[in-house]
1. Considering only protein heavy atoms and a probe of 1.4 Å, how much of the accessible area of the chain is carbon and sulfur, as a whole percent?
2. Return the Cα extents of segment 110-167 along principal axes one, two and three, sorted largest first, each rounded to a whole Å.
3. List the lysines whose Cα lies under 26 Å from the Cα of Lys104, skipping any in the same chain that are fewer than 8 positions away.
4. Leu20 to Ile62: FRET efficiency via 1/(1 + (r/R0)^6), r the Cβ-Cβ distance, R0 45 Å, to the nearest 0.05?
5. On average, how much accessible surface per residue is there in the chain, in Å², for a 1.4 Å probe, leaving out ligands, DNA and RNA?
6. Counting other Cβ atoms within 10 Å, keep those with at most 11, restrict to DSSP loop, and tell me which trypsin sites (Lys or Arg not before Pro) in segment 1-92 are left.
7. So how much slack lies between Ala40 and Glu130, counting 0.36 nm per residue of separation and subtracting their Cα-Cα distance, in nm?
8. What distance in nm lies between label points placed 7 Å from Cα along the C-beta direction at Ile13 and Ala93?
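The values are calculated or read from the model by the stated rules, or taken from the named source; none is laboratory data. No experiment lies behind these values; they were computed from the predicted model shown. Methodologically, a virtual Cβ is constructed for each residue, glycine included, from the backbone with ideal geometry; neighbour enumeration extends over all protein chains shown. Heavy atoms of the whole protein, side chains included, go into the accessibility calculation; ligands, DNA and RNA do not. Shrake-Rupley method; radii C 1.70, N 1.55, O 1.52, S 1.80 Å.
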Amino acid sequence: MKLGTQIFFMAGILVALMVLISGYGISQMTLIGNEIKDVAEVDMPLIEVITGITTHQLEQGILFQRALRHGEVMSASVNAAEHFEHAEKGFEAWAKSVDEEIKKGEEIAREAIKLAHSEEARHEFQEILEHLEEIEREHVDFDKQAEHVFELLHHGAMHEAHEAAEKVEHE
């Protein structure tokens, strides 16, 4: 084989290798781009929702404690009754907010399961959805128990209210 043919053949092989390497690089960049897109469009909104749920549940707990404190002295103080009503309404508002955020988180997780690019991601989002559903059930139970405590406080049943409040606090 002539030297020119050999050089041409080697140049052809090098060009073919460059095309293969470029194709592999482009495919890897596409995978990375999809992962970044998943983080930006799914993970971040899900994190924001879960953070909101946590924060609002803490606010709800604070208002439950305030209502309990004001409910204890409600019969002795007019201001305490007013503060109790305010704390109870705030509790209910936060409860509604938490319920909405849980539903939003479940919706995001369901959509993420459908759009997941890998089985591992799909499994991860399924676990998140299951945790959110468990949080939802526990939150509904917490709200019912707290409302029961508020009702007992309205009726002046302090001893029963304290016993029920202890159960709520253990939840």
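1. Its accessible area is 61 percent carbon and sulfur atoms.
2. So the three principal-axis extents are 57, 16, 7 Å.
3. Answer for Lys104, where 26 Å is the Cα cut-off: Lys37, Lys89, Lys96, Lys114, Lys144, listed by chain and number.
4. 0.15
5. 69
6. Loop-located and lightly packed - Lys2.
7. Values: separation 90, 0.36 × 90 = 32.40 nm, distance 2.19 nm.
The span from Ala40 to Glu130 would gain 30.2 nm if fully extended.
8. A separation of 7.6 nm, rounded to one decimal place.
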